[in-house]
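Report on the structure given below.
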Amino acid sequence: MSALENLFESLKKAQAELALQNRGQKDAALKAVMDAIEKGRVDILKANAADVEKARAGGMKEALVDRLLLNDKRINDIIEGIDTVVRQEDPIGKVQTGWVLPNGLQVERTTVPLGVAAIIYESRPNVTADAFSLAYKAGCGILLRGSSAALESNRALVKAIKEGLSTGGGISDALALAESGSRDEVGEILSARGKIDVVLPRGGKDLIRRVVENAKIPVIETGEGNCHIYVDSSADIINAVDIIENAKLQKPGACNAVETVLVHRDIAAVLLPLLAKRLAGKAELRCDNAAKTAIGVLPQSLLLKDAVEEDWETEFLDYILAIKTVDTLEEAVTHINRYGTKHSEAILTNDHRAAEEFERRVDAACVYTNASTRFTDGGQFGFGAELGISTQKFHARGPMGLEALTTIKYRIHGTGQIRP
């Protein structure tokens, strides 16, 4: 039996125990995990520093290094995220609805844990704590398979989590880390029918494609974030520049960062020179001819290139922004629905009817009016943590919190009925 086979069996057994625990027991264990992460802060940051040093030495671009990086603030955010999960209602055992059939049978639809989940993810050691806390509160076992780039960070975090579970009376075997670093692990996880109930890929398009195309177990698909902001002709110029700057620069390696800005032709000559000045020395612009003309005299430190077709379909995850001019809202919506990844899209406008039309017609999990796309996040949505951003159209969509790891059980009570 392989090492992963042993983990599968251990997780399945632990999950069956965890499913029987009440909210008080689960919350007590999660609070102990918060304390353990605080106590292990120095060791976690030391392990992360080793991962970051190795990543930079290997040539990883800084926007991706930032996703890997932990610091005191991010450790605080991890702890606060777990605390938010603790304060949320237990999603398990809720009676969603009920009815009585003509034959007297009483039917109840209730929520139960999804079972044992696996998450396969790149960098982002915060996902280790996020995925664990959501899974534990939802009564699910979870197998973590992070990337080799974050291996030492993940080991340190899992060590602290397991210590907390042991101290807090929790079930430490409900969490496991696949840590061999071998690519064979992914194939074994994707083939674990009857052992893993669902797998969630979280990372770039190559990882997601590999999981979706090769999984023999159910997949909750998260998507890459080729996100857009459309600036309508009625938009507030100053607000638009502020929002675009935030959506691009606040964390360019995030899946909810904007990658393409679509600008209505009537506002381009006013907006784009201001935007170019704001982003000069901070981001490379890839513009169509009309956008380049509208910018006019280039700021000295601005790096500008001609946009090519590939730019419209690229999730840069870097300090790069594509800009295209459009004549109508219709053209903007058509572009977004062609090149977007159904993640997060935004319109900046003071026209209520334009906002309504955009929201109705754009096909995405999250659609914003007059706000940055950077808010598509479980923590920002009040979930405390997230498993990822689902771009599929069933079971779970958008930022995935506790409910994404629940499923339905029907309970039927009778008094001796038999089917004629």
Using only the alpha carbons, work out the radius of gyration and Dmax of the range 73-171 in angstrom. 17.6, 60
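Considering all alpha-carbon pairs of the range 317-408, what whole percent are spaced by more than 19 angstrom?
Summing the P(r) tail past 19 Å for the range 317-408 gives 48 percent.
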Cα-only Rg/Rh for the chain with Kirkwood Rh rounds to 1.03
Translational diffusion of the range 1-46, µm² s⁻¹ [Kirkwood Rh, Cα pairs; Stokes-Einstein; 10 °C; 1.306 mPa s]: 124 µm²/s
Over the chain, with every protein chain in place, what whole percent of the accessible area is carbon and sulfur at 1.4 Å, could you tell me? 49 percent
The range 342-388: C-alpha pair distances exceeding 13 Å, %: 57 percent
Can you list the GluC sites (Glu not before Pro) in the range 243-323 that are in a DSSP coil and have 15 or fewer other beta carbons within 10 angstrom? GLU313
Using only the Cα atoms of the range 262-420, what semi-axes does the equivalent ellipsoid have when each is the square root of 5 times a gyration tensor eigenvalue? Give whole Å, largest first. 43, 18, 14
How far is helix 205-214 tilted off the main Cα axis of the chain, in degrees rounded to 10, range 0 to 90? 40 degrees
Coordinate range along principal axes, alpha carbons of the range 11-153, Å, largest first: 71, 27, 27
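In the neighborhood of GLU356, defined by Cβ-to-Cβ distances under 15 Å, what is the net charge if each Lys or Arg adds +1 and each Asp or Glu adds -1? It would help to have the intermediate numbers written out before the result.
Working: positive: ARG353, ARG360, ARG361; negative: ASP232, GLU330, GLU345, ASP351, GLU357, GLU359.
Local net charge: -3.
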ILE142's amide H: which non-local residues (gap 5+, or another chain) put their own amide H closer than 5 Å, with H modeled 1.01 Å from N in plane and none for Pro or chain starts? ALA117, LEU175, ALA176
Net charge, LEU68 excluded, C-beta distance under 12 Å - Lys, Arg +1, Asp, Glu -1: 0
Anyone know which of LYS162, LYS305, LYS251 comes out most mobile in the 10 Å Cα GNM of the chain? LYS305
So the angle from the long Cα axis of helix 3-18 to the longest Cα principal axis of the chain, reported in degrees to the nearest 10, equals 70 degrees
GNM flexibility winner over the chain from CYS287, CYS227, CYS140 (Cα, springs under 10 Å): CYS287
Mean Cβ-within-10 Å packing, highest first, puts peptides 383-390, 205-212 in the order 383-390, 205-212
Using only the Cα atoms of the range 291-357, what do you get for the radius of gyration and for Dmax, in Å? 14.0, 39
ILE320 long-range amide H proximity, modeled H, under 5 Å: GLU284
Derived scalar couplings ³J(HN,Hα) [the range 167-184; Karplus, 6.51 cos²θ - 1.76 cosθ + 1.60; whole Hz; x for Gly, Pro]: 5, x, x, x, 10, 5, 7, 6, 10, 9, 10, 7, 10, 6, x, 6, 5, 5
Once you've got the GNM for the chain with C-alpha springs shorter than 10 Å, pick whichever of THR369, THR328, THR222 has the biggest mean-square fluctuation. THR328
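The values are calculated or read from the model by the stated rules, or taken from the named source; none is laboratory data. A quick note: this is a predicted structure, and the numbers were derived from the prediction, not measured. Heads up, the Cβs are rebuilt from the backbone with ideal geometry, glycines too, and the neighbour counts pull from every protein chain shown. We work out accessible area using only protein heavy atoms, side chains counted, and drop any ligands, DNA or RNA first. Shrake-Rupley method; radii C 1.70, N 1.55, O 1.52, S 1.80 Å.
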